[in-house]
Amino acid sequence: MTVKFNLSDIVIPLLDWYASCARVLPWRENTDPYRVWLSEIMLQQTRVEAVKPYYERFLAQMPDIRALADAEEEKLLKLWEGLGYYSRVRNLKKAAVVICEKYGGRFPKQYKDILSLPGIGAYTAGAIASISFGLPEPAVDGNVLRVLARLREDGADISDPKRKKQITEELRVIYPADRSGDFTQSLMELGALVCLPNGLPLCAQCPLSGICQARIHGSQMQFPVKRGKKARRKEVKTVFVLCSNQRIAVEKRPPKGLLADLWQFPMADGLLSEEDAVHWICERGYQVEAVEAIGHRKHIFTHVEWEMHGYLAKLAGPAQLSPGTLPELTELSLSALEKQSLVDERFTWVTADELQEAYSLPSAFQPFFRYLRKGRSV
């Protein structure tokens, strides 16, 4: 059996369902464009429940666009720590600067102007335009593509940008002018709560079940169609938690590439034995008093997977300062010297509290830091 319908037939059922079933979320309580923008960027590739505390904390520190534009990058990276994909927060700042310089600190209201901001693509621009400004601009993401693919038993590849653009144009025609924001969110919500990406969708709860072709024919799990992803590259890493004089060694990653410009524990390619690990440390001019393996973990990025093996090493003697820093440091009092981070030619030496409070340590390295804080003295 096939039920014929027009795409416009989904509007009223979705709006009615959303009015009664929508989740209460902090970014829905206030549709100010700054707040909607922040939530949409945070929600990219991150679960809603994980985002909530980050969203509240970020707003407390960066209450408006001007504060974001003026913020130091290191502070933003620390606020973002654990969310991953750090280019997102860097682009937030870039866009905030543009808004302040070009639009006087007020978020632009036109779709094309929103789309022109750094880090904002068609989906995010559509979400902001419809939710904050009531414009009939669709926000088409994986949730929306999945809903429509099942609804129509559409076998087109949803990873094809042309298909996404076509769906966007089809939706724009049926957008309700007086409830554009609600319609955008109803499609998002249906995909998140009912038309699930993994496992069987909850068809009994779906307001569109009566016209959904996949539900009628029992083909839900065949849709959407998406071309296979390229296999992730696997890399083995050895991580060093080096401790000396109540301080821990960290270093900045290169300015380009994976985790660009973020802090990390020193790391070597490949899996080093304990003997090789000691040799690696000694090659960098340190004497090892004790070393122990602290386990391994796997961390998955979009295109690469790290198998990480850790060593905790206590070094003999304090961390050494590079000669170039000594003249400046002699002018400081001992108390001030003790409070600041020490820098040598190889690493920056920080206290555990400094690392937790002021340095952006990506989640890939957090388990090794937690091991240190949980049961080990620096």
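The values are calculated or read from the model by the stated rules, or taken from the named source; none is laboratory data. These figures come from a predicted structure and were not determined experimentally. Note that we place each Cβ from the backbone using ideal geometry, even for glycine, and neighbour counts take in every protein chain shown. Quick note on the areas: whole protein, heavy atoms, side chains included, nothing else; ligands and nucleic acids left out. Shrake-Rupley method; radii C 1.70, N 1.55, O 1.52, S 1.80 Å.
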- Within segment 123-150, can you find the residues that are among the aliphatic types (A, V, I, L, M) and farther than 22 Å from GLY228 by Cα? ALA125, ALA127, ILE128, ALA129, ILE131, LEU135, ALA139
- Is it the case that ARG232 is under 26 Å from the mean Cα position of the chain (by Cα), open to solvent by 40 Å² or more (accessible area, probe 1.4 Å) and over 30 Å from VAL288 (Cα atoms)? yes
- Determine which member of the set VAL140, VAL194, VAL147 is open to solvent by less than 20 Å² (accessible area, probe 1.4 Å) and in contact with a Lys or Arg (Cβ under 7 Å, 6 or more places away or on another chain). VAL140
- Any chance you could count how many residues in segment 202-248 are out of contact with any Pro (no Cβ under 9 Å at 6 or more places or on another chain), among the charged types (D, E, K, R) and assigned to a helix (DSSP H, G or I)? 0
- Message: Testing TYR86 on (1) more than 22 Å from LEU258 (Cβ to Cβ); (2) touching a Pro at 6+ places or on another chain (Cβ under 8 Å), one condition comes back false. Which one is that?
- Response: (1)
- Query: What pairs come up if the first residue lies in segment 249-261 and is closer than 17 Å to GLU81 by Cβ and open to solvent by 60 Å² or more (accessible area, probe 1.4 Å), the second is part of a loop (DSSP other than H, G, I, E, B) and aliphatic (A, V, I, L, M), and their beta carbons are under 8 Å apart, counting only those six or more places apart or on different chains?
  - Reply: LYS252/LEU262
- Of the conditions (1) touching a Ser or Thr at 6+ places or on another chain (Cβ under 6 Å); (2) farther than 21 Å from ILE12 by Cα, ARG90 fails just one. Which one is it? (1)
- If you go through segment 106-156 one residue at a time, how many are part of a loop (DSSP other than H, G, I, E, B) and within 23 Å of the chain's Cα centre (by Cα)? 11
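The rows are residues; the columns are (1) of a type outside the set (A, V, I, L, M); (2) surrounded by 16 or more Cβ atoms within 10 Å (Cβ to Cβ); (3) at pLDDT below 95; (4) in contact with a His (Cβ under 6 Å, 6 or more places away or on another chain).
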residue: ALA71; (1), (2), (3), (4): no, yes, no, no
residue: GLY82; (1), (2), (3), (4): yes, no, yes, no
residue: VAL89; (1), (2), (3), (4): no, yes, no, no
residue: LYS102; (1), (2), (3), (4): yes, no, no, no
residue: PRO108; (1), (2), (3), (4): yes, yes, no, no
residue: LYS112; (1), (2), (3), (4): yes, no, no, no
residue: SER116; (1), (2), (3), (4): yes, no, no, no
residue: GLY119; (1), (2), (3), (4): yes, yes, no, no
residue: ALA122; (1), (2), (3), (4): no, yes, no, no
- Query: From the residues in segment 28-69 that are closer than 27 Å to PRO207 by Cβ and open to solvent by less than 20 Å² (accessible area, probe 1.4 Å), which one is farthest from the chain's Cα centre (by Cα)?
  - Reply: VAL36
- Which pairs have Cβ atoms under 7 Å, sit 6 or more apart or on different chains, and link a residue in segment 163-181 that is aliphatic (A, V, I, L, M) to one that is assigned to a helix (DSSP H, G or I)? ILE167/LEU145; ILE167/LEU148; ILE174/LEU7; ILE174/SER8; ILE174/VAL11
- Message: Within segment 113-143, take every residue that is charged (D, E, K, R) and in contact with a helix residue (DSSP H, G or I) (Cβ under 6 Å, 6 or more places away or on another chain) and give me the one that is nearest to PRO161 (Cα to Cα).
- Response: ASP141
